[in-house]
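These notes concern the structure reproduced below.
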Amino acid sequence: MNWFSKFLTSTVGRKVVMSLTGLFLISFLLVHCSINALMFLNDGGLFFNEAAHFMATNILIRTIEIFLFLFLIIHILQSVAITRQNMKARTISYSGTSSTATSKWYSRSMGILGSLILVFLVIHLKDFFISSRFTDHLGLDNNGTPDMYSEVKEAFQNPAYAMIYIFSMIVLAYHLLHGFQSAFRSLGIYHKKYTPVIEFLGIAFSIIVPAVFAAMPIYFLLKK
Amino acid sequence: MRLTLKVWRQKNKSDKGGFETYQLNNVDTHASFLEMMDVLNEQLIEENKIPVAFDHDCREGICGACSMVINGRPHGPLKGTTTCQLHMRHFNDGETVTIEPFRANAFPVLKDLVVDRTSFERIQQAGGYVSIGTGSAPEANNIPINKNDSDKAFDAAACIGCGACVAACKNGSAMLFVGAKVSQYALLPQGHPERNERVLNMVAVMDEEGFGGCTNTGACEAECPKEISVANIMRLNREYISAKLSVEKE
């Protein structure tokens with residue numbers, strides 16, 4: 001397996017790892033976002049609670065969840081390794097006017113954007129994931145399902161908390177705007193026919209998914 | 001035109017170096033950037049000062065010897081142009097122009113604006129060639145090559161190995177250069193027998209030399225004087241992944 005470890009530590013291989021784990025996280029975002037969108041149904045959160053309960057208890061989902069955390073950790077560790085390697089490759093920067101004209105700011109700031117998302121994730125997991133999964137303070141809704149909806153509603157009716165969420169979703173949008181199409185490039189996928197489609201999907205995904213997430217705190221704030 | 005030049009001066013590899021400011025009062029707008037540097041050096045010699053060292057050779061935009069980062073941009077502000085083909089009419093009277101060497105740890109500064117780019121040569125030596133005796137030019141139609149592929153190979157082969165991609169990249173990555181060199185052979189049948197070993201060896205040396213990794217910002221393509229496409233980096237990734245998976249023994 002020497003060849004494989006060499007692959008994983010080469011500059012090309014490291015990016016392949018970033019790309020594959022990133023694409024998995026993107027697929028997770030799609031599922032998460034779709035389920036959260038159920039909150040906008042006007043049923044007092046009954047359907048959302050059912051879906052959330054299913055996701056929290058289904059054995060297949062729980063297994064995938066282990067991989068989700070594993071891939072998230074690999075994505076973070078690999079990004080630290082890449083950033084360190086890249087910073088070592090150029091220790092002196094230019095003093096002339098910077099070359100902002102030649103690349104997008106968010107493509108150069110993936111590490112910072114990613115770190116902000118990590119801070120957000122810590123807050124997010126502490127408040128929603130850990131509190132719902134490992135404590136039993138959730139009430140029951142009219143159907144007798146754990147009432148995640150009320151938990152979310154209560155949290156987002158705090159304007160400061162809602163602002164943190166909305167800001168984090170803007171950060172996520174920029175991270176995705178570069179990451180989505182960059183993931184395909186790192187895998188060597190680049191084609192006159194398909195690349196424009198991937199780029200379009202990337203832009204659409206980076207706007208729609210964070211927008212749906214950000215719509216939740218706005219929705220509950222307005223409902224207050 | 002009058003120019004104020006802020007030029008990086010460094011005695012040798014171990015010197016810390018710093019900026020010196022010079023005044024040029026009579027710059028011809030028709031002069032190339034290197035000719036303007038010649039005028040500066042003549043002025044310095046007359047003042048009994050040491051002239052600024054910089055790399056140059058053909059001064060026709062094809063050899064890849066000239067370098068320099070002008071106002072923060074490798075080969076200056078003009079698209080698809082080497083420093084030697086950049087003319088002073090693209091600057092404004094009274095402007096301050098900052099001139100620095102290419103910055104990357106794999107390109108150590110030797111003196112003033114001259115950097116050591118032999119790391120590129122070591123990458124080339126690792127596989128940037130076809131190791132068969134080609135003899136004289138063969139019959140043109142013996143090996144049919146798709147026009148689209150031959151055009152792409154030719155575009156990749158236009159890389160002059162100047163290192164502007166490395167200088168432009170925030171990661172000091174050499175992937176546009178290596179991508180172009182790998183692509184020009186990967187696209188042609190003559191390069192196929194050695195394609196796997198080529199890409200594995202060239203990437204290995206690229207990493208050993210301390211170049212960073214590509215994060216797809218696209219700055220290299222924007223600064224490349226030969227406008228080499230980032231599609232070559234994607235091809236490098238593709239070639240590398242497929243070589244890793246298919247080669248039995250490395």
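Brief remarks follow.
- Of the residues examined, B:K181 is one that is in contact with a Cys (Cβ under 9 Å, 6 or more places away or on another chain) and either basic (K, R) or not assigned by TED's automatic domain parsing to the domain that holds B:G212 (or both).
- Failed item in (1) buried (at least 18 other Cβ atoms within 10 Å of the Cβ); (2) within 11 Å of chain A (Cβ to nearest Cβ); (3) over 23 Å from the mean Cα position of the chain (by Cα), with B:L3 passing the rest: (2)
- Residue among A:F120, A:F167, A:F128 that is free of Cβ contacts under 8 Å to residues at least 60 places away in the same chain, exposed (fewer than 14 other Cβ atoms within 10 Å of the Cβ) and away from chain B (no Cβ under 14 Å): A:F167
- Among the residues of this structure, B:I160 counts as one that is under 30 Å from B:R9 (Cα atoms), assigned to a loop (DSSP other than H, G, I, E, B) and either not aliphatic (A, V, I, L, M) or not assigned by TED's automatic domain parsing to the domain that holds B:G76 (or both).
- Selection of the stretch B:158-171 for residues being within 13 Å of chain A (Cβ to nearest Cβ) and under 12 Å from the mean Cα position of the chain (by Cα) yields B:G163, B:A164, B:C165, B:V166, B:A167, B:A168, B:C169.
- Test for A:W3: is it surrounded by fewer than 17 Cβ atoms within 10 Å (Cβ to Cβ), of a type in the set (A, V, I, L, M, F, W, C), closer than 30 Å to B:K79 by Cα and modelled with pLDDT under 95: no
- Taken over the stretch B:198-247, the residue count meeting the criterion of being touching a Lys or Arg at 6+ places or on another chain (Cβ under 6 Å) and farther than 18 Å from A:G188 by Cα is 1.
- Taken over the stretch A:188-214, the criterion of being β-branched (V, I, T), under 21 Å from A:V17 (Cα atoms) and part of a helix (DSSP H, G or I) is satisfied by A:T195, A:I198.
- Only residues that are in a loop (DSSP other than H, G, I, E, B), modelled with pLDDT of 85 or more and of a type in the set (A, V, I, L, M, F, W, C) were counted in the stretch A:130-150, giving 0.
- With a requirement of 1 or more residues that are without any contact (Cβ under 8 Å) to a residue 24 or more places away in the chain and within 14 Å of chain B (Cβ to nearest Cβ), the helices (runs of 4 or more DSSP H) lying completely within the stretch A:1-67 that satisfy it span A:2-9, A:11-36.
- From A:L176, A:L172, residue being within 14 Å of chain B (Cβ to nearest Cβ), modelled with pLDDT of 95 or more and not in a loop (DSSP other than H, G, I, E, B): A:L176
- Selection from the stretch A:186-205 of residues that are within 11 Å of chain B (Cβ to nearest Cβ) and touching a residue at least 24 places away in the same chain (Cβ under 8 Å): A:S186, A:L187
- Picking from residues in the stretch B:210-240 that are at positive phi and facing another protein chain (nearest Cβ under 7 Å), the one that is surrounded by the most Cβ atoms within 10 Å (Cβ to Cβ) is B:N216.
- Of everything listed in (1) under 15 Å from B:A104 (Cβ atoms); (2) touching a residue at least 12 places away in the same chain (Cβ under 8 Å), the single unmet condition for B:D207 is (2).
- Residue within the stretch B:17-24 that is within 18 Å of A:G96 (Cα to Cα), touching a helix residue (DSSP H, G or I) at 6+ places or on another chain (Cβ under 8 Å), within 14 Å of chain A (Cβ to nearest Cβ) and small (G, A, S) present: no
- Among the helices (runs of 4 or more DSSP H) confined to the stretch B:174-224, the ones with at least 3 residues that are at pLDDT 95 or above and over 19 Å from the mean Cα position of the chain (by Cα) are located at B:195-208.
- Residue that is farthest from the other protein chains (Cβ to nearest Cβ) [pool: residues in the stretch B:97-154 that are among the aromatic types (F, W, Y) and surrounded by fewer than 18 Cβ atoms within 10 Å (Cβ to Cβ)]: B:Y129
- Flag set for A:S107, criterion: surrounded by 18 or more Cβ atoms within 10 Å (Cβ to Cβ) and either at positive phi or part of a helix (DSSP H, G or I) (or both).
The values are calculated or read from the model by the stated rules, or taken from the named source; none is laboratory data. Because the structure is a prediction, the values reported are computed rather than measured. We place every Cβ from the backbone using ideal geometry, glycine too, and count neighbours over all the protein chains shown.
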